[in-house]
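Some notes on the structure that comes next.
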Amino acid sequence: MKETIHARGHENVSARHASTFEITTDDFLTPAGDCILAIEADRAPADFDPEFVEKCRNEDATITVTVEAGDHSETVTGHGHPDLEFDSDRSMVGRTSDYVDERTFVLGCEFAAEGFNRDLVTALENGLETVVTVEVE
């Protein structure tokens, strides 16, 4: 089962954060947002299908996130958790830790923003259209 989000990069994408990555519906990005990969997302966790959300709330669930911009893509895998809320109507955050708040949609990720392929980060920095696919098994 999967959810697809359309967004775009921004000139201030730096992808330097060591423990999180984020996709936001905001239409701006300051240099301080070093975890944000894309802005102007057309959907947020609060928009996800309830059946998808329920599957993500299983600790044994594998959640795979693929970020694509231009000819570049990167996939990161994490896991679900019963405390995931999927209530945010603004942003979605992937974490390397097991910290949960209303924005968290995947935990225990293999890497965070700083681990994304630098060619992809450059494409995002150039403002390219971005597709984020979130799959749960």
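When you scan the range 6-23, how many residues do you find that are more than 20 Å from residue 104 (Cβ to Cβ) and not in a loop (DSSP other than H, G, I, E, B)?
2
For residue 63, are the conditions met, namely being over 24 Å from residue 125 (Cα atoms), among the β-branched types (Val, Ile, Thr) and assigned to a strand (DSSP E or B)?
Numbers: over 24 Å from residue 125 (Cα atoms): yes; among the β-branched types (Val, Ile, Thr): yes; assigned to a strand (DSSP E or B): yes.
Judged against the criteria, residue 63 is a match.
Among residues belonging to the range 110-137 that are in a strand (DSSP E or B) and within 20 Å of residue 25 (Cβ to Cβ), point out the one that is farthest from the chain's Cα centre (by Cα). Working first, answer last.
Pass one, the range 110-137, residues in a strand (DSSP E or B): 129-136.
Restricting the remaining residues to those that are within 20 Å of residue 25 (Cβ to Cβ) gives 129-134.
Details: 129: 15, 130: 11, 131: 10, 132: 7, 133: 9, 134: 8 Å.
Across the range 110-137, the extreme among qualifying residues is 129.
What residue, among those in the range 33-58 that are part of a helix (DSSP H, G or I) and not charged (D, E, K, R), is farthest from the chain's Cα centre (by Cα)? Show your work before the answer.
Step one: filter the range 33-58 for residues part of a helix (DSSP H, G or I), giving 45-47, 50-56.
Then keep just the ones that are not charged (D, E, K, R); that gives 45-46, 50, 52-53, 56.
Working: 45: 10, 46: 14, 50: 18, 52: 15, 53: 15, 56: 14 Å.
If we take residues in the range 33-58 being part of a helix (DSSP H, G or I) and not charged (D, E, K, R), then 50 is farthest from the chain's Cα centre (by Cα).
For the range 16-33, give me each residue that is free of Cβ contacts under 8 Å to residues at least 24 places away in the same chain and acidic (Asp, Glu).
In the first step, residues of the range 16-33 are kept if they are free of Cβ contacts under 8 Å to residues at least 24 places away in the same chain; the result is 27-33.
27 - this is the single residue of the range 16-33 that is free of Cβ contacts under 8 Å to residues at least 24 places away in the same chain and acidic (Asp, Glu).
Can you tell me which condition residue 62 does not meet? The list is (1) over 25 Å from residue 119 (Cα atoms); (2) among the hydroxyl-bearing types (Ser, Thr, Tyr); (3) buried (at least 18 other Cβ atoms within 10 Å of the Cβ), and all the others hold.
With respect to (1) over 25 Å from residue 119 (Cα atoms); (2) among the hydroxyl-bearing types (Ser, Thr, Tyr); (3) buried (at least 18 other Cβ atoms within 10 Å of the Cβ), residue 62 is out only on (3).
Looking at residue 11 and the list (1) touching a strand residue (DSSP E or B) at 6+ places or on another chain (Cβ under 8 Å); (2) surrounded by fewer than 20 Cβ atoms within 10 Å (Cβ to Cβ); (3) on the phi < 0 side of the Ramachandran plot; (4) in contact (Cβ under 8 Å) with a residue 24 or more places away in the chain, which single condition is not satisfied?
Every listed condition holds for residue 11 apart from (1).
Residue under question is residue 75, and the condition is that it be within 19 Å of residue 5 (Cβ to Cβ), buried (at least 16 other Cβ atoms within 10 Å of the Cβ) and hydroxyl-bearing (Ser, Thr, Tyr); does it hold? Lay out the reasoning, then the answer.
Details: within 19 Å of residue 5 (Cβ to Cβ): yes; buried (at least 16 other Cβ atoms within 10 Å of the Cβ): no; hydroxyl-bearing (Ser, Thr, Tyr): yes.
The answer is no for residue 75.
Every read-out reported here was derived from the displayed coordinates using simple, explicitly stated rules and does not represent laboratory data. Please read these numbers as outputs of a predicted model, since none were measured by experiment. Note: ideal-geometry Cβ built from the backbone for every residue, glycine included; neighbour counts use all protein chains shown.
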